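Participant: This is the structure, below, for whatever I ask next.
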Amino acid sequence: TQTVSQSDAHVTVFEGDSVELRCNYSYGGSIYLSWYIQHHGHGLQFLLKYYSGNPVVQGVNGFEAEFSKSDSSFHLRKASVHWSDSAVYFCAVSAHYAQGLTFGLGTRVSVFP
Amino acid sequence: EAAVTQSPRNKVAVTGGKVTLSCNQTNNHNNMYWYRQDTGHGLRLIHYSYGAGSTEKGDIPDGYKASRPSQENFSLILELATPSQTSVYFCASGDTPEVFFGKGTRLTVV
């Protein structure tokens with residue numbers, strides 16, 4: 001069984017600030033890791049993924065994430081946030097390509113001008 | 001871009017009634033999924049499918065059935081709806097970890 005923990009329920013930042021959203025997981029084997037964004041009233045949209053190789057992966061709209069096997073983490077970062085980045089961000093894991101994702105509870109990001 | 005369309009977008013059902021939520025995808029994905037989203041629980045997997053004719057139980061299948069009559073369509077069926085099934089339901093398609101979600105169906109069981 002895999003589990004995902006997102007330690008921050010809500011993060012508040014100002015436009016232009018950097019932000020890091022934390023994600024820790026537990027699973028004994030190989031795992032797919034990903035981040036999704038959900039704007040209010042919408043479905044989830046894929047941001048980026050990691051399975052192997054370079055531990056730093058780039059996603060859409062300037063987001064990147066870094067995998068750490070020693071910490072069992074996959075933290076999401078953005079160097080300079082925009083008001084449109086206000087949303088809920090979900091970290092997700094999967095042990096198999098066809099058996100669905102296990103999500104964390106999400107981190108709400110509020111960006112103020 | 002992959003398109004996943006859910007219908008209806010909003011539904012009010014009576015306790016004990018039958019509810020069918022429909023999902024259609026146009027990207028020829030083999031794998032499809034149904035999730036529910038609740039405050040404090042995040043998204044949880046109800047059922048998934050590997051292709052036409054296949055349905056598999058996810059993490060919280062009790063009280064739900066699924067049907068995959070074709071590559072494009074995947075339905076979620078609540079035979080006897082209960083108030084605890086009030087939630088927002090999302091359909092998705094694709095190979096994890098990169099899947100495409102619909103806009104969701106808000107179901108209220110009264």
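Values quoted throughout were computed directly from the atomic coordinates according to the rules given, and no laboratory measurement underlies them. Quantities reported herein were computed from a predicted structural model and do not represent experimental measurements. Every residue, glycine as well, gets a Cβ built from its backbone with ideal geometry; the counts of neighbours run over all protein chains shown.
Participant: Percent relative contact order of the range A:3-112, based on C-alpha pairs within less than 8 angstrom and at least six residues apart?
Facilitator: It rounds to 38 percent for the range A:3-112.
Participant: Next question. So what's the gap between the Cα centers of the range A:67-107 and the range A:1-53, to the nearest angstrom?
Facilitator: 1
Participant: Please state, to two decimals, what the Cα-based radius of gyration of the range B:1-90 comes to when divided by 2.2 N^0.38 Å (N = residues).
Facilitator: 1.04
Participant: Please identify, among B:LEU78, B:LEU21, B:LEU43, the residue showing maximal mean-square fluctuation in a Gaussian network model of chain B using a 10 angstrom Cα cutoff.
Facilitator: Per the Cα network of chain B with a 10 Å cutoff, B:LEU43 tops the list.
Participant: Another question, if that's okay. What do you get for Rg/Rh of the protein assembly as shown when both radii come from the Cα atoms and Rh is the Kirkwood radius?
Facilitator: Details: Rg = 17.5 Å, Rh = 17.9 Å.
Reported Rg/Rh (Cα atoms, Kirkwood Rh): 0.98.
Participant: At R0 = 22 Å, how high is the FRET efficiency between A:ALA79 and A:VAL56 if r is their beta carbon distance? Nearest 0.05 is fine.
Facilitator: E between A:ALA79 and A:VAL56, to the nearest 0.05, is 0.95.
Participant: Please grab the % of Cα pairs in the range A:3-112 that end up more than 25 Å from each other.
Facilitator: Numbers: 895 of 5995 pairs.
Percent of Cα pairs beyond 25 Å in the range A:3-112: 15.
Participant: Would you work out the relative contact order for the range B:1-89, in percent, from Cα pairs under 8 angstrom that are 6 or more residues apart?
Facilitator: Computed value for the range B:1-89: 32 percent relative contact order.
Participant: Does a label point 7 Å from the Cα of B:ARG106, set along Cα-to-beta-carbon, have any residues of the range A:37-53 with amide nitrogen under 20 Å, and which are they?
Facilitator: The answer is A:38-45.
Participant: Turning to a different aspect of this structure: Compute for the range A:50-113: radius of gyration divided by Kirkwood radius, i.e. Rg/Rh, restricted to C-alpha atoms, rounded to two decimals. Could you put the intermediate results ahead of the total?
Facilitator: Details: Rg = 13.2 Å, Rh = 13.4 Å.
We get a ratio of 0.99 for the range A:50-113.
Participant: With each pseudo-label sitting 7 Å past Cα toward Cβ, what's the B:ASP62-B:GLU98 distance in nm, one decimal?
Facilitator: It is 3.8 nm.
Participant: For a quick check, take a GNM of chain A with Cα springs below 10 Å and name the residue from A:GLY16, A:GLY43, A:GLY62 with the largest mean-square fluctuation.
Facilitator: Residue with maximal mean-square fluctuation among A:GLY16, A:GLY43, A:GLY62: A:GLY43.
Participant: Taking the Cα centre as origin and putting +1 on Lys and Arg beta-carbons and -1 on Asp and Glu beta-carbons, what dipole magnitude results for the protein assembly as shown, to the nearest 20 debye? Walk me through the intermediate numbers first.
Facilitator: Working: 16 positive and 17 negative charges, 126 e Å.
For this selection, approximately 600 debye.
Participant: Would you look at the GNM of chain A, springs on alpha carbons closer than 10 Å, and say which of A:ALA98, A:ALA79, A:ALA87 moves the most?
Facilitator: Largest GNM mean-square fluctuation: A:ALA98.
Participant: Here's a follow-up. Any of A:LYS78/B:LYS65; A:LYS49/B:LYS18; A:LYS69/B:LYS65; A:LYS78/B:LYS57; A:LYS49/B:LYS103; A:LYS69/B:LYS103 with alpha carbons more than 31 Å apart? Name them for me.
Facilitator: The answer is A:LYS78/B:LYS65; A:LYS49/B:LYS18; A:LYS69/B:LYS65; A:LYS78/B:LYS57; A:LYS69/B:LYS103.
Participant: Which loop GluC sites (Glu not before Pro) in the range A:1-79, with loop taken from DSSP, have no more than 15 other Cβ atoms within 10 angstrom of their Cβ?
Facilitator: Numbers: sites: A:GLU15, A:GLU20, A:GLU64, A:GLU66; in loops: A:GLU15.
Passing both the DSSP loop test and the Cβ count: A:GLU15.
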